[in-house]
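Quick notes on the structure that follows.
The values are calculated or read from the model by the stated rules, or taken from the named source; none is laboratory data. Since we're looking at a predicted model, the values are computed, not measured. So basically every Cβ, Gly included, is an ideal-geometry build from the backbone, and we count neighbours across all protein chains shown.
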Amino acid sequence: MEDGVQISAIGVRDLNIQHFLNYLNMGYAADMNYLFRRDSIMKRESPYLIAGWAKSIITFNILYKFEMKKVQSPYARFAMYSVFKDYHLVIKDYIENYLTEYGLFLNNKRIYVDTGPLMEREIGRLGGLGWIGKNSMLINKKLGSYTFLGEALVDVKLDGSFQITPDMCGNCDLCIRSCPVNAIDRDRKVDSNKCISYHTIESRKTIPLEIGTKMENMVFGCDICNDVCPWNRSRKGPTIFANRREQIENLKVEDLVYMDNENFVTKFGSTPIRRAKVEGLRRNAVMAHFNIYNDDKFLEEVSKDFRDLGGQQAAEILRKIKL
Ligand code: SF4
Ligand code: SF4
């Protein structure tokens, strides 16, 4: 097994999903309505509903941390995970090859990378891969929490005699205190209505100004609650994510505002950033531009030049600052 990869397996079993239900009931899922689907909730609780033939769930915990310098304005900051080739593809290939090489299935397997109705952090925790920290991430003592999780449901019974790692957050609450928008509650849940990652990646609406003005020059995601965690301090590769797209770390916010779709696809099409689409990235860049320059004239131009989310964000900022 490569450095920076840890693997565990548990037998398929019912899981305690109370924490997830609390998260939904608190309204923390914001507009992610798919999380409320009854069939998907039932699958989270009983993974055998996903695949009746499955006997075990194998979790792959894969480090992606590297020494990323803090990108300063007027350059745009992207979350660390996003500057690599799309992890969905890289990890799926890795798991496929691993299962085949070690003969970990007979006839059936199903691989998930951040896409299926699986309680992936809880399954990783039960497999001894770490504890779920106050920032809601799975933290591994050796790898920290700058990791991707991928799972394979397989039709063989694997011995999952792993020791569960106790909670090692202790009295620390750095992540809670460092979150610029107070999105982390005291019960290890993140309120997506406030979270910068949600607003810059998942949301298809304009960013509320009370959130957007805390983004500084961040234009895709937010690493703060990972960055401050002491368990991430000295961790970094080697990793299977060797080839990062370094040109993404040298882009000016202003250039992102005026980027066309063709350029967007060329630059970001093979990375997770494509999820935001060109108009989502424009929206984020407009917000970051305002944070850096506070330039009304620029916003007026953008609101006239674009009818999409980017233009709407510019108009929204202008409307609010004129109140
Ligand atoms: S990703 Fe950023 S905004 Fe979201 S909870 Fe963590 S620190 Fe807060
Ligand atoms: S910053 Fe502290 S409280 Fe937050 S996850 Fe890390 S160790 Fe736990």
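Filtering LEU99, LEU89 for residues that are hydrophobic (A, V, I, L, M, F, W, C), free of Cβ contacts under 8 Å to residues at least 24 places away in the same chain and either surrounded by fewer than 19 Cβ atoms within 10 Å (Cβ to Cβ) or part of a helix (DSSP H, G or I) (or both) leaves a single hit, LEU89. Please go through the range 303-323 and give me each residue that is exposed (fewer than 13 other Cβ atoms within 10 Å of the Cβ) and either at positive phi or within 30 Å of the chain's Cα centre (by Cα) (or both), ordered by number. ARG307 - this is the single residue of the range 303-323 that is exposed (fewer than 13 other Cβ atoms within 10 Å of the Cβ) and either at positive phi or within 30 Å of the chain's Cα centre (by Cα) (or both).
The set of residues in the range 136-145 being in a loop (DSSP other than H, G, I, E, B), surrounded by 23 or more Cβ atoms within 10 Å (Cβ to Cβ) and at pLDDT 95 or above consists of MET137, SER145. The residue that is nearest to ILE95 (Cα to Cα), counting only those in the range 148-182 that are part of a loop (DSSP other than H, G, I, E, B) and among the β-branched types (Val, Ile, Thr), is VAL156. In the range 183-212, of all residues being over 22 Å from TRP131 (Cα atoms) and in a loop (DSSP other than H, G, I, E, B), the one that is nearest to ligand 2 (Cβ to nearest atom) corresponds to LYS194. Report the residue count in the range 257-278 for those that are under 23 Å from TYR293 (Cβ atoms) and not in a loop (DSSP other than H, G, I, E, B). Total satisfying the criteria: 7. Taking residues in the range 209-223 that are within 10 Å of ASN284 (Cβ to Cβ), and partners anywhere that are modelled with pLDDT of 95 or more and within 16 Å of ligand 2 (Cβ to nearest atom), the pairs with Cβ atoms closer than 7 Å and at least 6 places apart or on different chains are GLY221/SER197. Of everything in the range 312-323 that's free of Cβ contacts under 8 Å to residues at least 12 places away in the same chain and assigned to a helix (DSSP H, G or I), which residue is nearest to VAL257 (Cα to Cα)? Ranking the candidates gives ARG319 first. If only residues of the range 156-176 that are without any contact (Cβ under 8 Å) to a residue 60 or more places away in the chain and either near ligand 1 (Cβ under 10 Å from one of its atoms) or of a type in the set (Asp, Glu) (or both) are counted, the one that is surrounded by the most Cβ atoms within 10 Å (Cβ to Cβ) is CYS175.
The rows are residues; the columns are (1) more than 24 Å from GLN72 (Cβ to Cβ); (2) surrounded by fewer than 18 Cβ atoms within 10 Å (Cβ to Cβ); (3) modelled with pLDDT of 95 or more.
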| site | (1), (2), (3) |
| --- | --- |
| ARG188 | yes, no, yes |
| SER197 | no, no, yes |
| ILE201 | no, no, yes |
| ARG204 | yes, yes, yes |
| ILE207 | no, no, yes |
| GLY212 | no, no, yes |
| MET218 | no, no, yes |
| VAL228 | no, yes, yes |
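In the set (1) within 16 Å of ligand 2 (Cβ to nearest atom); (2) not in a loop (DSSP other than H, G, I, E, B), ILE248 fails one condition alone, (1). Going through (1) in contact with a helix residue (DSSP H, G or I) (Cβ under 8 Å, 6 or more places away or on another chain); (2) part of a helix (DSSP H, G or I) one by one, GLU216 falls short only on (2).
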